[in-house]
Amino acid sequence: MPSVILIGSQWGDEGKGKVTDFLAEKADLVVRYQGGNNAGHTVVVGEQEFKLHLIPSGILYPDKTCIIGNGVVIDPGVLLKELDYLIERGISIDNLRISERAHIIMPYHKKLDEVIEESKGASKIGTTKRGIGPAYMDKAARVGIRFVDLLDNEVFEELLEQNLREKNNLLAKVYDTDGFDKDDVMEEYLGFADRLRKYCADTSLIIHNALKAGKNVLFEGAQGTLLDLDHGTYPYVTSSHPIAGAACIGAGLGPTQISKVLGVVKAYTTRVGEGPFPTELNDEVGKHLGTVGFEFGTTTGRPRRCGWFDAVITKYTVRTSGLTSMAVTKLDVLTGLKTLKICTGYRWGNEIITEFPSNLKVLAQCEPIYEEMPGWSEDITSATKIEDLPVAAQNYLKRISELSEAPVSILGVGTRRSQTIIMDEMF
Ligand code: IMP
Ligand code: MG
């Protein structure tokens with residue numbers, strides 16, 4: 001029963017796509033279980049670069065079953081575009097399965113995401129405006145529309161009618177903007193349904209049967225711990241649960257069926273969107289990380305905010321997701337920096353804080369406490385084992401591991417599949 005959950009350990013964009021792609025080689029199933037097309041994964045295969053938002057990165061292998069689980073919110077138009085993009089590039093999508101229970105992002109969700117953000121002014125979240133929050137709001141309010149509903153014309157029409165009555169009113173009266181016409185939406189969405197029908201299935205059952213047969217299942221998380229609705233920097237979070245526990249709910253299996261939890265950890269820290277970020281650097285080092293690490297959002301193109309490694313965060317992730325090990329990515333981006341800093345705690349007034357605080361006002365006032373380590377200047381992008389790394393790089397890794405309280409099992413030293421060092425196999 002080898003099943004591995006892979007999650008983001010910081011604010012997302014840790015390089016999960018690359019690690020998933022790498023691990024997918026030995027997996028039989030790759031499953032997404034939360035989020036939607038707010039996520040963005042860049043995967044480099046040979047000379048080709050793929051940008052994926054919704055479809056599990058395992059799709060790049062012809063023989064893997066790829067599942068979009070019930071916990072994901074799906075924009076069917078975006079999904080079809082992504083499928084077409086893959087087909088054009090010669091990738092087979094026959095092995096894709098979509099949960100019938102997954103909720104659908106509707107045009108009014110996207111519109112609401114925009115107008116709600118605008119109405120917040122300076123206190124905006126900085127969402128990706130893909131309709132993710134409003135879709136999860138409707139799910140929790142029990143007025144959402146699921147794939148299984150979309151596949152039944154009558155049910156879909158009824159749900160759409162109910163929703164438009166309320167949403168058009170809201171858009172007009174509160175946000176002073178246009179609503180949507182039922183027939184237009186029906187036509188567009190029933191077209192989507194026609195094309196996607198054959199991929200819909202009871203995906204929890206597929207996963208269950210695969211595990212029973214001893215197959216390898218990889219659960220691919222999106223975003224990261226600090227964007228978690230419960231455990232992140234609320235309200236500057238996404239509306240789903242990037243922590244490992246969500247894989248069970250979002251895919252339809254129990255915690256006893258999980259064997260390992262791998263946290264993907266970037267060798268420094270980044271964040272897109274608003275909200276406090278204690279180790280953020282607005283200097284030359286921050287610029288170095290952004291430029292060398294090519295830190296721009298895959299989904300929105302926004303430059304990511306960059307900063308030093310924060311071990312308070314990674315220790316928090318080890319706790320809240322029960323990490324069995326970490327995959328450290330982008331270590332090569334630190335090459336050339338004379339001195340490296342690792343945040344080991346925060347100074348808040350006269351207090352020293354070593355556990356990630358829940359109070360955002362406190363977090364915003366926290367000053368990072370740094371430990372300094374010498375950097376390295378040697379090129380590490382062709383290292384194939386830990387011993388190939390300069391001693392300073394080995395020491396940096398060791399320190400990250402000690403402070404986070406989890407072993408490092410995988411190390412990324414470049415963007416390619418081959419630029420990955422394995423210390424401990426997942427499958
Ligand atoms: P939403 O998920 O579009 O509602 O955006 C909420 C917050 O999560 C914003 O700060 C986004 O920038 C952030 N966010 C959402 N998805 C990702 C991701 O895949 N990587 C990094 N940040 C993300
Ligand atoms: Mg991303």
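The values are calculated or read from the model by the stated rules, or taken from the named source; none is laboratory data. Since the model is a prediction, treat every value here as computed from it, not as a measurement. Positions of Cβ are backbone-derived with ideal geometry, glycine not excepted, and every protein chain shown enters the neighbour counts.
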### Query
Any residue in segment 280-291 that is within 22 Å of the chain's Cα centre (by Cα), within 16 Å of ligand 2 (Cβ to nearest atom), free of Cβ contacts under 8 Å to residues at least 24 places away in the same chain and surrounded by fewer than 14 Cβ atoms within 10 Å (Cβ to Cβ)?
no
### Query
If you check every pair at least six apart or on different chains, which have Cβ atoms under 9 Å apart with a residue in segment 248-263 that is on the phi > 0 side of the Ramachandran plot first and a residue that is of a type in the set (Lys, Arg) second?
Gly252/Arg101
### Query
Pick from segment 6-35 the residues that are more than 12 Å from the chain's Cα centre (by Cα) and either near ligand 1 (Cβ under 10 Å from one of its atoms) or assigned to a strand (DSSP E or B) (or both): which of them is farthest from Glu295 (Cα to Cα)?
Leu29
### Matching option when the condition is exposed (fewer than 15 other Cβ atoms within 10 Å of the Cβ), at pLDDT 95 or above and away from ligand 2 (no atom under 16 Å from the Cβ), among Leu190, Leu211
Leu190
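Among the listed residues Leu340, Leu331, identify the single one that is out of contact with any Pro (no Cβ under 9 Å at 6 or more places or on another chain) and within 30 Å of Val413 (Cα to Cα).
Just one listed residue meets the conditions, Leu331.
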### Task
Pick out the one residue from Ile116, Ile87, Ile93 that is over 21 Å from the mean Cα position of the chain (by Cα), assigned to a helix (DSSP H, G or I), of a type in the set (Val, Ile, Thr) and surrounded by fewer than 17 Cβ atoms within 10 Å (Cβ to Cβ).
Ile87
### Task
Mind counting the residues in segment 238-276 that are in contact with a helix residue (DSSP H, G or I) (Cβ under 6 Å, 6 or more places away or on another chain), of a type in the set (Ser, Thr, Tyr) and surrounded by fewer than 24 Cβ atoms within 10 Å (Cβ to Cβ)?
1
### Query
Which residue, of Tyr136, Tyr175, is in the same structural domain as Lys111 (by TED's automatic domain parsing) and in contact with a strand residue (DSSP E or B) (Cβ under 9 Å, 6 or more places away or on another chain)?
Tyr136
### Query
Which is touching a Phe, Trp or Tyr at 6+ places or on another chain (Cβ under 6 Å), in contact (Cβ under 8 Å) with a residue 40 or more places away in the chain and surrounded by 23 or more Cβ atoms within 10 Å (Cβ to Cβ), of Ile98, Ile132?
Ile98
### Task
Test each condition in (1) more than 21 Å from Leu86 (Cα to Cα); (2) surrounded by fewer than 24 Cβ atoms within 10 Å (Cβ to Cβ) for Gln34 and report the one that comes out false.
(2)
### Hey, Ala210 of a type in the set (Gly, Ala, Ser), in contact with a Leu (Cβ under 6 Å, 6 or more places away or on another chain), closer than 26 Å to Val264 by Cβ and in the same structural domain as Gly77 (by TED's automatic domain parsing) or not
yes
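Being part of a helix (DSSP H, G or I) and among the polar types (S, T, N, Q) is the filter; apply it to segment 132-180 and report the residue that is farthest from ligand 1 (Cβ to nearest atom).
Here the residue is Asn153.
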### Message
For segment 339-385, give me each residue that is part of a strand (DSSP E or B) and basic (Lys, Arg).
### Response
Lys341, Arg347
### Message
When you check Ser404 against the structure, is it among the polar types (S, T, N, Q) and either within 22 Å of the chain's Cα centre (by Cα) or outside the structural domain of Glu274 (by TED's automatic domain parsing) (or both), yes or no?
### Response
yes
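Among the residues of segment 57-86, which ones are among the polar types (S, T, N, Q) and either at pLDDT below 95 or closer than 21 Å to Phe22 by Cα (or both)?
Of everything in segment 57-86, those that are among the polar types (S, T, N, Q) and either at pLDDT below 95 or closer than 21 Å to Phe22 by Cα (or both) turn out to be Ser57, Thr65.
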